[in-house]
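Structure record follows, encoded as structure tokens.
The values are calculated or read from the model by the stated rules, or taken from the named source; none is laboratory data. Owing to the predicted nature of the structure, the values given are computational and were not obtained by experimental measurement. Cβ atoms come from the backbone with ideal geometry, glycine included; neighbour counts cover every protein chain shown.
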Amino acid sequence: MIKIYNTLTRKKEELKPINQNRIKLFVCGPTVYDESHIGHARTYISFDMITRYLKNQGLSVFYLQNITDIDDKIIKRASKLGIQPVELARKYEKEYLEDMHLLGVENVNYYARATEHIPEIINQIERLIANENAYETETGVYFDESSFQDFGKLSRRNVEDLNVHRINPDNNKRNPGDFALWKKRDDEPFWNSPWGKGRPGWHIEDTAITELYLGPRYDIHGGGLDLIFPHHDAEIAQMESVSGEKPMVRYWMHTGFLNVKGEKMSKSLGNFLTIRDLLQDYDPDVFRFFVLSTHYRSPIDFSKSALEQSKNSLGRIYKFMGQIIELIESDLNETNDQDENYINKLELARNNFFKAMDNDFNTPEALSIIFNFIRDFNREINEEKVSKSILKRVMLFIMEWGSIFGFKLIGKEYYEDKTKELIDIITDIREELRDRKDWELSDLIRSKLKDLNIVLEDK
RNA sequence: GCCAAGGUAGCUUAGAGGCGAAGCGGUGGACUGCAGAUCCAUUACACGUGAGUUCAAAUCUCACCCUUGGCUCCA
């Protein structure tokens, strides 16, 4: 039984799909105006793991993500660079997808661009106006917060608070908390609409897209903690007003922030790190392990030393796997009289592992079970009590872990490229040999290196 | 001000009333020609502070201290 922490109820609830064993999942995608950063990576790695686990548990998942490819930031940046907004958006969308691929995020079934769903957006706004949930002003079309009783139910804010802290009141709006569905603009990229030229507001693309592909009600909606308010509250208001059905989403899932040295990562603080910067220095798997070694809802503090720790921890698992494979390829007995005992131990560990994952995807606890298991089995292996058939089962268990956490444990060497350092060591040793006038061995080294197209030229 | 999340060994993190957890790191030992890997032991008064409830509190209650975040750009 999988339990999920639902932001809406602030409780863990049993996952019950709306439709048999199918899960419809939507996660808010990025606004593609710049390179993606490691905070994005944290969120999308988390939902990738979640999707992998749901699939492992026999659920059929349709994972949809939007791409916000039109908004103020894109337009501003593009005009600064003297290029078309669409050009900028496509460039960063491409980089985003490449980054995700490198990080092993590969379970999104469909990416939906906002600009390719303008008719659906307009149609949804028209229905909101018809329902008297929205109204038109000189500057655009706005959602009327007072028309939706549950407004703010996800973030648990009340409307009065929202109105007090409004920064720039727009006098055309009925309530300060009303948000734009359609912005009337004709000096920027625009689309024609019943309200003239303009472009969509921030929140409407998601509900237009999810209504099209997932319907008015679906299972899980995810995103970063920072989207709860106002974005997800706005989505609920829009969709539940349009359809009259509720809840729009059964389970709201939010990932915690990634901080750097205890502070929020931001460009102004100078602690901003893009995925590309990160991957200059670290293996994607190491970052992935780092992310999954903290619960997805907890804040996670990024630092070089934390990544070093992750690298060593992950290395332990890779080494164990290497050892297992080596033994399976050895001439060990296929079975022995201890097998039953080990099958029981293995099953116990496996059950505990799944129990941890069932509990709101508790990857840190699941990892601690894996490490305990590895220690115990290392001990047994040292004492040479384990047969080949057991080792094969162990291998399958670790690989199952790998498939859920997103690590390819086979066919991937776990070491850094130290070629340059290695050559330095070899040439140093050869220099030592030459000093000793061991011409035979130093010539042999030179010729062996030449076979590898590495040419040494002595002065 | 309002609303959240959090403070657990040197570090990174789980746990949520009852045998002191996992990894990383440090130290010692076993194994090894040496090293590594691995194992064992050890390092640790482990639970922000002060009260309370309870046979029993890191876990529940209250108060307080501290950190971080959100409060219409945000993953």
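How about region A:144-155: which of its residues are touching an Asp or Glu at 6+ places or on another chain (Cβ under 6 Å) and aromatic (Phe, Trp, Tyr)? Listed by number, the list holds a single entry, A:151. If you go through region A:358-376 and keep only what is of a type in the set (D, E, K, R) and near RNA strand B (Cβ under 6 Å from one of its atoms), you end up with A:365, A:375.
Residues that are free of Cβ contacts under 8 Å to residues at least 60 places away in the same chain and of a type in the set (Lys, Arg) within region A:90-133 comprise A:90, A:91, A:94, A:113, listed in sequence order. Number of residues in region A:232-267 that are of a type outside the set (A, V, I, L, M, F, W, C), more than 19 Å from residue A:278 (Cβ to Cβ) and in a strand (DSSP E or B): the value is 3. Can you confirm whether residue A:46 is among the hydroxyl-bearing types (Ser, Thr, Tyr), within 23 Å of the chain's Cα centre (by Cα) and near RNA strand B (Cβ under 10 Å from one of its atoms)? Considered against the rule, which asks whether it is among the hydroxyl-bearing types (Ser, Thr, Tyr), within 23 Å of the chain's Cα centre (by Cα) and near RNA strand B (Cβ under 10 Å from one of its atoms), residue A:46 comes out as yes. In region A:343-352, the count of residues that are at pLDDT below 90, aliphatic (A, V, I, L, M) and surrounded by 14 or more Cβ atoms within 10 Å (Cβ to Cβ) is zero. Give the residue that is nearest to the chain's Cα centre (by Cα), with candidates limited to residues of region A:325-342 that are more than 14 Å from RNA strand B (Cβ to nearest atom) and of a type in the set (A, V, I, L, M, F, W, C). The residue in question is A:328. Report yes if some residue within region A:247-254 is within 10 Å of RNA strand B (Cβ to nearest atom), more than 30 Å from residue A:410 (Cβ to Cβ) and among the charged types (D, E, K, R); otherwise report no. There is no residue in region A:247-254 that is within 10 Å of RNA strand B (Cβ to nearest atom), more than 30 Å from residue A:410 (Cβ to Cβ) and among the charged types (D, E, K, R).
Quick grid of which residues meet (1) more than 10 Å from RNA strand B (Cβ to nearest atom); (2) of a type in the set (Val, Ile, Thr); (3) not assigned by TED's automatic domain parsing to the domain that holds residue A:43:
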| residue | (1), (2), (3) |
| --- | --- |
| A:179 | no, no, yes |
| A:195 | yes, no, yes |
| A:209 | yes, yes, no |
| A:222 | no, no, no |
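Restricting attention to region A:407-459, the residues that are closer than 30 Å to residue A:285 by Cα, modelled with pLDDT of 80 or more and of a type in the set (S, T, N, Q) add up to 0.
Please pick out the residue among A:373, A:361, A:377 that is modelled with pLDDT of 90 or more, within 30 Å of residue A:58 (Cβ to Cβ) and not in a helix (DSSP H, G or I).
A:361
Counted as qualifying within region A:35-128 are the helices (runs of 4 or more DSSP H) with 1 or more residues that are farther than 26 Å from residue A:289 by Cβ and modelled with pLDDT under 95, namely A:72-81, A:85-102. Does residue A:264 qualify as being surrounded by fewer than 17 Cβ atoms within 10 Å (Cβ to Cβ), under 19 Å from the mean Cα position of the chain (by Cα) and either near RNA strand B (Cβ under 10 Å from one of its atoms) or not basic (Lys, Arg) (or both)? Yes: the conditions hold for residue A:264. Collect the residues in region A:353-400 that are closer than 30 Å to residue A:12 by Cα and polar (S, T, N, Q), keeping them in residue-number order. Result: A:359, A:362, A:363, A:368, A:372.
Filter region A:225-246 down to residues that are over 21 Å from residue A:16 (Cβ atoms) and of a type in the set (Asp, Glu) and give me whichever is nearest to RNA strand B (Cβ to nearest atom). Within region A:225-246, the match that is nearest to RNA strand B (Cβ to nearest atom) is A:226. Would you mind stating whether residue A:289 is more than 6 Å from RNA strand B (Cβ to nearest atom), part of a helix (DSSP H, G or I) and under 18 Å from the mean Cα position of the chain (by Cα)? Answer is yes for this residue. Considering A:311, A:345, A:355, the condition of being more than 7 Å from RNA strand B (Cβ to nearest atom), of a type in the set (Lys, Arg), part of a helix (DSSP H, G or I) and under 30 Å from residue A:274 (Cβ atoms) is satisfied by A:311 alone. Test residue A:142 against the stated conditions and say whether it is touching a residue at least 24 places away in the same chain (Cβ under 8 Å), in a strand (DSSP E or B) and over 15 Å from residue A:201 (Cα atoms). Considered against the rule, which asks whether it is touching a residue at least 24 places away in the same chain (Cβ under 8 Å), in a strand (DSSP E or B) and over 15 Å from residue A:201 (Cα atoms), residue A:142 comes out as no.
Tell me, yes or no, whether region A:269-291 has at least one residue that is of a type in the set (Lys, Arg), under 20 Å from residue A:405 (Cα atoms), surrounded by 18 or more Cβ atoms within 10 Å (Cβ to Cβ) and outside the structural domain of residue A:222 (by TED's automatic domain parsing). Looking for residues that are of a type in the set (Lys, Arg), under 20 Å from residue A:405 (Cα atoms), surrounded by 18 or more Cβ atoms within 10 Å (Cβ to Cβ) and outside the structural domain of residue A:222 (by TED's automatic domain parsing), one finds at least one in region A:269-291, hence yes.
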